[in-house]
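K.L.:
Mind having a look at this structure? Questions to follow.
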Amino acid sequence: MEALATFLIDLSPDDMARRLHDALTVYVDAMRYPRGTEGQRAGMWLEHTRRLGWKAVAAVDTDTPPGEQPSAEQVAAAPLLGIAYGYCGAPDQWWQQQVVSGLHRIGMPADEISQLMSSYFELTELHIHPNAQGRGLGEALARRLLTGRGEAHVLLSTPEIIGEANRAWRLYRRLGFTDVIRGYHFAGDPRAFAILGRSLPL
Ligand SMILES: CC(C)(COP(=O)(O)OP(=O)(O)OC[C@H]1O[C@@H](n2cnc3c(N)ncnc32)[C@H](O)[C@@H]1OP(=O)(O)O)[C@@H](O)C(=O)NCCC(=O)NCCS
């Protein structure tokens, strides 16, 4: 069998549109959501590509021999192992509105809320296909996505898990993310989420 080599790449909005189905399949398999969830998310992921500061990165498997760089054609044809993207937070975004109302509810002073929300990168999605998890790819994608950002902070939400006992939590803690809000319920979702954040640069 030919050895596969994993590469990290940036995706343009066009690359994301072209690879949307594969990216959503990685997401659905990683999150263990039922098949069919892909279709519900497609429009939103495409809309996100048009947001200010949008950036996406991916991990792909190529059959390039060890030590060689893959050609553009090899990269374009290489299957996706992982996907991550985010964008600059803004007041007209539903997620920011939800987080702001949660911050008011936990009693954060208004000036601190404005300070936090005025300059942050939302790490919106980060997923590694189950077959490729546990090799450090999630951390590598997160670091690539967060490198060179102009925002003062990065914020994300992740489902609450007892004991913070999953790879996502271990990764975020290792990267220095701290609690912003715990046990938060986004409108229309019965699950509890944590909002985590840290200052940038990493
Ligand atoms: C969360 C997720 C993105 C993390 O990605 P990952 O590639 O699996 O994990 P990491 O990059 O953190 O890799 C760390 C693991 O790889 C191992 N590893 C192997 N080689 C490594 C290397 N060179 N560098 C770093 N870690 C390495 C570590 O020992 C660690 O193993 P452990 O978790 O068993 O302790 C991924 O597991 C995932 O998609 N999970 C399901 C979806 C999800 O929860 N997404 C986030 C929702 S908000």
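K.L.:
Between residue 92 and residue 75, with labels modelled 7 Å along Cα→Cβ, what's the label distance in nm to one decimal, could you check?
P.N.:
3.2
K.L.:
Relative contact order of the chain: what whole-number percent is it, with Cα pairs under 8 angstrom and at least 6 residues apart?
P.N.:
Taking the mean separation of contacting Cα pairs over the length of the chain, I get 19 percent.
K.L.:
Please give the charge dipole size of the chain, origin at the Cα centre, charges +1 on K and R Cβ atoms and -1 on D and E Cβ atoms. Round to the nearest 20 debye.
P.N.:
Working: 20 positive and 23 negative charges, 106 e Å.
Using only the charged Cβ atoms, the result is roughly 520 debye.
K.L.:
Only sites in a loop by DSSP and with at most 14 other Cβ atoms within 10 Å count here; which trypsin sites (Lys or Arg not before Pro) in the stretch 1-105 make the cut?
P.N.:
32, 35, 50
K.L.:
Mind listing the phi-derived Karplus ³J(HN,Hα) values for the stretch 125-135, rounded to whole Hz, using 6.51, -1.76 and 1.60 with θ = phi - 60°, and x for any glycine or proline?
P.N.:
9, 8, 9, 10, 4, x, 5, 10, 6, x, 10
K.L.:
Give the accessible area for residue 71 in Å² (nearest 10); use a 1.4 Å probe, count only protein heavy atoms, and leave out ligands, DNA and RNA.
P.N.:
50
K.L.:
To the nearest 10 Å², what's residue 202's accessible area with a 1.4 Å probe?
P.N.:
Approximately 70 Å² for this residue.
K.L.:
Considering only protein heavy atoms, what per residue accessible area in square angstrom results for the chain with a 1.4 angstrom probe?
P.N.:
Ligands and nucleic acids excluded, the result is 51 Å² per residue.
K.L.:
Moving on. Pull up all non-local amide H partners of residue 124: gap of 5 or more, or a different chain, and H-to-H distance under 5 Å with H placed in the peptide plane.
P.N.:
85, 86, 87
K.L.:
Output ³J(HN,Hα) for the stretch 105-111: one whole-Hz value per residue in order, computed from phi by the Karplus curve 6.51 cos²θ - 1.76 cosθ + 1.60 with θ = phi - 60°, and x for Gly and Pro.
P.N.:
Computed from phi, the couplings for the stretch 105-111 are 4, 7, x, 5, x, 4, 5 Hz.
K.L.:
Using a 1.4 Å probe on the protein chains only, how many percent of the accessible area of the stretch 62-183 belongs to carbon and sulfur?
P.N.:
52
K.L.:
Let me ask something else about it. Which one of 109, 99, 129 is farthest out on the positive end of the charge dipole of the stretch 72-176, using unit charges on Cβ (Lys, Arg +1; Asp, Glu -1) and the Cα centre as origin?
P.N.:
It is 129, whose Cα lies furthest towards the positive end.
The values are calculated or read from the model by the stated rules, or taken from the named source; none is laboratory data. Bear in mind that the values here come from a model prediction, so they are computed numbers and not experimental data. We place every Cβ from the backbone using ideal geometry, glycine too, and count neighbours over all the protein chains shown. For the accessible areas, the whole protein counts, side chains as well, though only heavy atoms, and no ligand, DNA or RNA atoms are used. Shrake-Rupley method; radii C 1.70, N 1.55, O 1.52, S 1.80 Å.
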